[in-house]
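Single-structure report; data block below.
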Amino acid sequence: MLKRTRNCGQLRLEDSGLKVVLAGWVNSYRDHGNLVFIDLRDREGLTQIVFNPETQPEVHKIARTIRCEWVIAIEGIVEPRSEGMENPKLGTGAIEVAVEKLEILNKAKTPPFELDNADKTAEETRLAYRYIDLRRPVMQKKLKVRHKVTMLARDYFDKLGFWEIETPMLGKSTPEGARDFLVPSRLVPNTFYALPQSPQLFKQILMVSDIEKYFQIVRCFRDEDPRADRQAEFTQIDVEMSFVEPDDIITIHETLVAKIWKEILVVDVKLPMRRMTYQEAMRDYGIDRPDLRFDMKLKDISDIAKQTAFKVFTSAIEKGGIVKGLCAPAGEKYSRSDIEKTLTNFVMDYGAKGLAWAKVKAEDGKLSLLGGSAKFFSPEQAKQLLERFNAKADDLLLFVADQEAAANKALAPLRCKLGRELKLYEEGRFEFLWVVDFPLFEWNEDEKRYDSLHHPFTAPIDEDLAKLETDPAHIRSKAYDIVLNGSEIGGGSIRIHNMKTQQKVFDLLNISRKQAQERFGFFLNALEYGAPPHGGIALGLDRMVMILTGTENIRDVIAFPKTQRGQCLLTEAPSEVDLKQLNELNLRVQKHSQIIDEIPGEKQQ
RNA sequence: GGGGCCGUAGCUCAAUUGGUUAGAGCGUCGGACUGUCGAUCCGAAGGUUGAGGGUUCGAGCCCCUUCGGCCUCGCCA
């Protein structure tokens with residue numbers, strides 16, 4: 001076999017005269033009857049190779065039989081292209097290689113889609129032939145960025161004295177949080193492992209073991225329905241440290257993130273990153289991960305709304321709700337039908353009961369409200385509204401009247417939609433933010449108990465500790481989320497390292513002593529054997545790479561992703577298994593049980 | 001579990017109100033061609049309209065069921 005000496009993206013004019021060996025895939029071939037040109041591709045680029053019938057008649061003859069995506073190796077001389085024949089689109093466009101020897105390493109069937117048109121090809125087809133899809137430079141670039149991010153992280157943590165330690169993939173199922181993927185145990189019949197939703201408890205236990213600084217680039221599993229930015233199997237850059245406060249974790253990780261942005265995008269991220277309390281985020285943006293690329297804050301207008309004659313507003317407030325809204329700059333481009341159909345349906349998808357609106361018009365230099373709910377506002381009320389939003393002519397005011405949480409839930413996505421559609425920010429902007437001071441709990445009305453906002457091991461802020469007894473709803477936690485352009489790219493907290501506090505939290509979560517022992521007994525025990533104060537974070541690798549590579553699709557940054565039904569179209573997983581395998585695991589699937597039920601007395605297999 | 005969009009040649013799409021033999025571009029195959037670079041020119045092959053059922057004289061189109069993909073609400077401590 002010809003051993004390659006150069007890659008296909010490497011050769012330049014100054015290499016002229018060199019004898020080289022290249023190997024790769026045939027990207028395209030152009031047969032002129034006389035000369036044959038092939039663009040040879042490897043992951044580094046394209047190089048044009050030429051077969052000349054006059055100098056190499058035998059090789060030329062074989063070259064004419066070559067087809068796209070065949071794998072070949074060639075030996076030849078690097079030659080400068082003659083005047084006007086250079087290809088400025090290629091890095092190697094100043095030269096070509098005149099082939100002297102050709103080896104066909106492998107033929108290839110015609111690909112099911114053309115690499116050049118793959119961006120227009122159904123994703124289904126691309127996933128079924130992922131090995132071809134991943135040959136495309138755009139896909140390779142994404143995988144390369146992902147590789148670079150993990151290498152940067154590993155190098156960064158190593159230099160700071162962190163150790164990368166693996167934690168088990170076969171773990172213990174806990175009913176909290178997301179649905180677990182279960183793995184049956186063969187050696188202990190009728191029992192199951194769970195794949196980790198995160199290495200949370202293990203990394204905390206490592207702190208008890210005085211590992212002090214741990215990190216891991218680790219796969220996590222949550223058996224919930226996927227989304228465009230969510231996959232059942234995903235990767236976290238997982239970190240835990242001892243003897244730290246939130247500031248320590250925040251500083252270390254914003255520095256890492258800034259380094260990643262600098263190295264990969266050559267973008268300078270201003271440090272320290274902005275911080276915002278949860279309260280402020282919810283008040284101004286209706287969500288704990290605000291997109292700060294544009295302003296357009298939400299405003300509570302309940303005080304004005306309750307004075308109006310608009311029943312929708314007044315009755316919502318009477319029921320303890322609020323009226324909250326936003327002012328879309330130049331939003332008058334939305335027609336009445338856009339607002340009352342498209343935008344209203346949009347907020348209703350998020351549970352809003354409706355969308356009130358009014359347009360801001362200028363008459364003789366004076367602003368007034370027009371259309372929609374405008375008629376319900378007195379001139380004085382209208383004036384107050386316009387002032388509150390600092391509204392300008394041709395703006396559009398939109399309101400939702402509901403319980404506060406429900407109003408936020410609808411307005412936050414509406415704000416993002418409007419920001420995008422009204423082009424309130426330019427692409428390529430990165431607005432980082434730490435959201436801090438999360439509540440420790442939220443009240444779960446259905447279950448009549450508190451739920452952890454973060455997870456049950458999150459520590460309360462010291463000055464709020466006393467509220468564990470008196471006012472759990474208003475305890476703030478030492479949790480922090482890092483948010484970028486409205487996307488949560490990481491989150492963590494300082495943990496409870498004191499068994500008593502941990503027990504108290506379980507009580508409020510309505511987890512009984514017995515349940516706590518069953519589920520987390522090993523962990524609670526560990527806390528009693530000298531657990532240091534500790535905390536950590538997990539950065540979402542997939543989401544970071546998505547933003548770094550400018551894709552909205554998480555499948556683009558995963559080499560072998562799954563579909564919305566959790567299937568791998570390449571391997572056709574998941575699949576049925578042999579009865580023998582099931583028997584070894586002491587398992588019977590419902591299909592078999594039904595057969596047995598239907599044929600009583602039939603001998604069981 | 002709910003809502004929405006989609007499925008026609010290998011790929012991307014078209015096909016009038018339900019009406020003749022389902023078309024085009026790219027790709028593929030064959031041929032031509034002295035320097036191309038998304039080569040060009042000539043020619044050819046290629047279809048169970050995702051699957052099953054129904055309505056109809058007649059279905060790619062209408063109805064039902066089903067499979068699959070994407071987006072989304074719920075879900076994701």
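Please count how many residues of the stretch A:80-95 are out of contact with any Ser or Thr (no Cβ under 6 Å at 6 or more places or on another chain) and either loosely packed, with under 15 Cβ neighbours inside 10 Å or more than 28 Å from A:Tyr131 (Cα to Cα) (or both).
Total meeting the criteria: 11.
Looking only at residues in the stretch A:548-570 that are surrounded by fewer than 15 Cβ atoms within 10 Å (Cβ to Cβ) and either under 12 Å from A:Glu233 (Cβ atoms) or charged (D, E, K, R) (or both), which one is nearest to RNA strand B (Cβ to nearest atom)?
A:Arg565
Mind checking which pairs have a first residue in the stretch A:187-213 that is touching a residue at least 60 places away in the same chain (Cβ under 8 Å) and a second that is hydroxyl-bearing (Ser, Thr, Tyr) and surrounded by fewer than 19 Cβ atoms within 10 Å (Cβ to Cβ), Cβ under 8 Å, 6 or more apart or different chains?
Note: pairs meeting the criteria are A:Lys203/A:Thr167; A:Val208/A:Tyr529.
Each row is one residue, and each column tells you yes or no for (1) modelled with pLDDT of 95 or more; (2) among the aromatic types (Phe, Trp, Tyr); (3) in a loop (DSSP other than H, G, I, E, B).
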residue	(1), (2), (3)
A:Leu414	yes, no, no
A:Arg420	no, no, no
A:Glu426	no, no, yes
A:Phe430	yes, yes, yes
A:Trp434	yes, yes, no
A:Asp451	no, no, no
A:Pro456	no, no, yes
A:Leu468	no, no, no
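Would you pick out the residues in the stretch A:378-398 that are closer than 12 Å to A:Val360 by Cβ and assigned to a loop (DSSP other than H, G, I, E, B)?
Once the filter is applied, which keeps residues that are closer than 12 Å to A:Val360 by Cβ and assigned to a loop (DSSP other than H, G, I, E, B), the stretch A:378-398 yields A:Asn390, A:Ala391, A:Lys392, A:Ala393, A:Asp394, A:Asp395.
For the stretch A:79-112, how many residues are assigned to a strand (DSSP E or B), under 13 Å from A:Gly9 (Cα atoms) and more than 10 Å from RNA strand B (Cβ to nearest atom)?
1
Determine whether the stretch A:236-253 contains at least one residue that is crowded, with 18+ Cβ neighbours inside 10 Å, part of a loop (DSSP other than H, G, I, E, B) and over 24 Å from the mean Cα position of the chain (by Cα).
Yes: one or more hits.
Filter the strands (runs of 3 or more DSSP E) completely within the stretch A:267-373 down to those with at least 2 residues that are more than 16 Å from RNA strand B (Cβ to nearest atom) and under 30 Å from A:Val257 (Cβ atoms).
Of the strands (runs of 3 or more DSSP E) lying wholly inside the stretch A:267-373, those with at least 2 residues that are more than 16 Å from RNA strand B (Cβ to nearest atom) and under 30 Å from A:Val257 (Cβ atoms) span A:275-277.
Cβ contacts < 7 Å: first residue farther than 27 Å from A:Arg136 by Cβ, restricted to the stretch A:63-85; second residue within 10 Å of RNA strand B (Cβ to nearest atom) and in a strand (DSSP E or B), any location; separation 6+ or different chain. Result?
That search, which allows pairs on different chains as well, returns A:Ile77/A:Ala98; A:Glu79/A:Ile95; A:Glu79/A:Glu96; A:Glu79/A:Ala98; A:Pro80/A:Ile95.
Being among the β-branched types (Val, Ile, Thr) and within 13 Å of RNA strand B (Cβ to nearest atom) is the filter here, so list the residues in the stretch A:44-72 that pass it.
Listed by number, the residues that qualify are A:Thr47, A:Ile49, A:Val50, A:Thr55, A:Thr65, A:Ile66.
The values are calculated or read from the model by the stated rules, or taken from the named source; none is laboratory data. Small disclaimer: the values here were computed from a predicted structure and weren't measured. No Cβ is skipped: glycine too gets one built from the backbone with ideal geometry, and neighbour counts run over all protein chains shown.
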